[in-house]
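Below is one structure, written out as structure tokens, with a few remarks after it.
None of the figures in this text is laboratory data; all of them are computed from the coordinates on show. The structure presented is a predicted model; accordingly, all values stated were derived computationally and were not measured. Cβ atoms come from the backbone with ideal geometry, glycine included; neighbour counts cover every protein chain shown.
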Ligand SMILES: CC(C)(COP(=O)(O)OP(=O)(O)OC[C@H]1O[C@@H](n2cnc3c(N)ncnc32)[C@H](O)[C@@H]1OP(=O)(O)O)[C@@H](O)C(=O)NCCC(=O)NCCS
């Protein structure tokens, strides 16, 4: 699957493309806001920290990681992670600058990677996980056709306590392909 991933994908309103160092100010704009970072990473304290993260995560380990661009502006990121060629599975993960929430952008980006996963990479099972209180993420999983599988009890160390994760998935036979 990995070798079939392209660098760039287009949707009606967005471009999914690699994050570069030039995108650091746009990423810092939301990564430095505690409320925005809460579910996904440690709040970035400085622009230099964001630049180091872009180098380490998006450039050195960028496979399956896309910036979500509205025009030239980076408004979030979305990933196809844990790509498992043998079992044809992957995990979907995402974060959006909260200033851009409520417009369907994350859903549009996720639907694109859903299409890529099933129809270009030949994937069979795309899954995602959220903490119980992350309703916006849960709603997104439902919007892209995922179904709840269950609870991974006590599986995530989150803000100094061990919590449950809810796991959702969409499998090839769920797709409405007639
Ligand atoms: C999870 C997250 C990406 C969801 O963001 P979001 O803006 O709610 O999701 P979307 O961009 O798909 O927008 C959907 C919202 O826009 C509305 N919307 C407007 N136009 C729309 C369109 N064309 N298509 C779909 N939804 C649209 C929807 O009704 C929905 O609003 P609602 O929740 O009030 O019903 C965002 O909250 C986030 O980044 N959270 C922090 C990181 C995080 O938790 N990541 C996941 C970890 S498991």
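Could you tell me how many of the residues in the stretch 74-94 are within 9 Å of the chain's Cα centre (by Cα), surrounded by 22 or more Cβ atoms within 10 Å (Cβ to Cβ) and within 12 Å of the ligand (Cβ to nearest atom)?
Number satisfying all stated conditions: 4.
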Report task. Kindly state which strands (runs of 3 or more DSSP E) lie completely within the stretch 99-178 and contain at least 1 residues that are farther than 20 Å from residue 76 by Cα and without any contact (Cβ under 8 Å) to a residue 24 or more places away in the chain. Result -> 147-158, 161-171
Report task. Within the stretch 119-147, count every residue that is near the ligand (Cβ under 6 Å from one of its atoms) and surrounded by fewer than 19 Cβ atoms within 10 Å (Cβ to Cβ). Result -> 3
Query raised in the report: Looking at (1) more than 8 Å from the ligand (Cβ to nearest atom); (2) in contact with a helix residue (DSSP H, G or I) (Cβ under 9 Å, 6 or more places away or on another chain); (3) without any contact (Cβ under 8 Å) to a residue 12 or more places away in the chain, can you tell me which one residue 71 breaks?
Result: (2)
Query raised in the report: When the stretch 54-68 is examined, which residues are found to be surrounded by 14 or more Cβ atoms within 10 Å (Cβ to Cβ) and without any contact (Cβ under 8 Å) to a residue 24 or more places away in the chain?
Result: 57
Query raised in the report: Among the numbered criteria (1) in contact with a strand residue (DSSP E or B) (Cβ under 9 Å, 6 or more places away or on another chain); (2) surrounded by 15 or more Cβ atoms within 10 Å (Cβ to Cβ), which single criterion is violated by residue 51?
Result: (1)
